[in-house]
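Below is one structure, written out as C-alpha cells; the observations come after it.
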Amino acid sequence: MCTVIIDIADAGTAHLLAVRDEDPQREWDSLGAWWPERYPGVIGIRDRRAGGAWLAANPAERRLAVLLNRADVLGLPEDQVLSRGSLALESVVGRSPAAPLPMHGFNLLEVGPDAARVLSWDGADLRATPVSAGVHMIAHDDLDDDATPRIAAWLPEFQALTRNEGDADWARPWIELLARSAQLPPEDDRAIIRDNRPHGYPTQSLLYCTASVTPDGIDVRDVTLPSPGHWAASS
C-alpha cells in the first residue's frame, strides 16, 4: 500500500516522492547498484528476500520505475505465483511487462525520457494509463483515484504547492507537506505515513524517496524513517 506523488512538467521532466510500505521484518537494502551483472548501471531499493526492487532507476537511459501492490483476481496456487520484484528492474532497462502475468496485482509507475505511465495488472487485464502534465497521486487503486482516502485528502494539497522548476531544493515543500500529513494517526485511512496492520496487512511505512528525471539525468535520494509507520522517533 505504498504511495507516490509525481509532477510531470513536460516530456522528459518529472519529479516524484515515493513512500514505501513493507513488512518491517522483511529485510531490505538502501539505494545502491545491487545488480551489477544482470542490470549494470541500475540502482534501486533492494528486497533481500526475493532480490528484486521496489524502486529502480537507470540514470544512463533516464528511466525510473516504482512498484505498488494492488488487489487482483489471480487464481493460481501460491507456489506458481512469481515475485513482482523484477518488474521495476526490467522496466528501467526497457522491458515493460506484457500479459498474461503469473503475478499478484500491481501498479507499475514507469517514467522515461519521453513520457510517464502507470501499468495496472489485476490478475486478468493489464491496463496502461498515461500520466499527463501536472501533479498526480497513486496508491493501491487507479491514478488520482479519489475513492482512496489518502488521495482525496492530500492530492489537492500537493497540487496547490508552488515549486520552482529549477530549484535544487525542489522536494522541500513536498517533504514538509508529507511531515504535516504524518500528524494523522498512522492507521488512519487518510494517512500517507502508514501502519496497515489494523487494516489486515503487516506493512508499515519504512522509507521515502525523492527523484527527479530531467534531460540532464536522474537524481534519486532515499531516507529511512526513524521507526516503522512514524515520521518522528517514538518517545
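Approximating the spin labels as points 7 Å out from Cα along Cα→Cβ, the A50-to-A98 distance works out to 2.2 nm.
Available extension along the chain between L82 and Q159 is 24.1 nm, counting 0.36 nm per residue and deducting the alpha carbon span. For segment 98-155, the equivalent ellipsoid built from the Cα gyration tensor has semi-axes of 21, 16, 7 Å, listed from largest to smallest. Could you pull out which residues in segment 81-121 have an amide N less than 17 Å from a spot 7 Å beyond the Cα of W170, following the Cα-Cβ vector? Counting only backbone N, you get 110-117. Relative to the compact-globule estimate of 2.2 N^0.38 Å, the Cα radius of gyration of the chain comes out at 0.95. Using a probe radius of 1.4 angstrom, the carbon and sulfur fraction of the accessible surface of the chain is 48%. Extent along the principal axes, Cα only, for segment 1-134: 43, 31, 26 Å, with the longest axis given first.
Our analysis of segment 139-235 gives Rg over Rh at 0.98, with the two radii drawn from alpha carbon positions and Rh computed by the Kirkwood formula. Applying the criteria of a DSSP loop state and at most 15 other Cβ atoms within 10 Å to the GluC sites (Glu not before Pro) of segment 31-102 yields E37. Annotation: per residue accessible area for the chain equals 46 Å², rounded to a whole number [probe 1.4 Å, protein chains only]. Taking a virtual spin label 7 Å from the Cα of A9 along the C-beta vector, which residues in segment 155-198 bring their backbone nitrogen under 20 Å of it? Output list for this probe position: 158-177.
The values are calculated or read from the model by the stated rules, or taken from the named source; none is laboratory data. Just so it is clear, the model here is predicted, and its values are computed rather than measured. As a convention, Cβ positions derive from the backbone with ideal geometry for all residues, glycine included, and neighbour counts pool all protein chains shown. Keep in mind that these areas ignore ligands, DNA and RNA; they rest on the heavy atoms of the full protein, side chains included. Shrake-Rupley method; radii C 1.70, N 1.55, O 1.52, S 1.80 Å.
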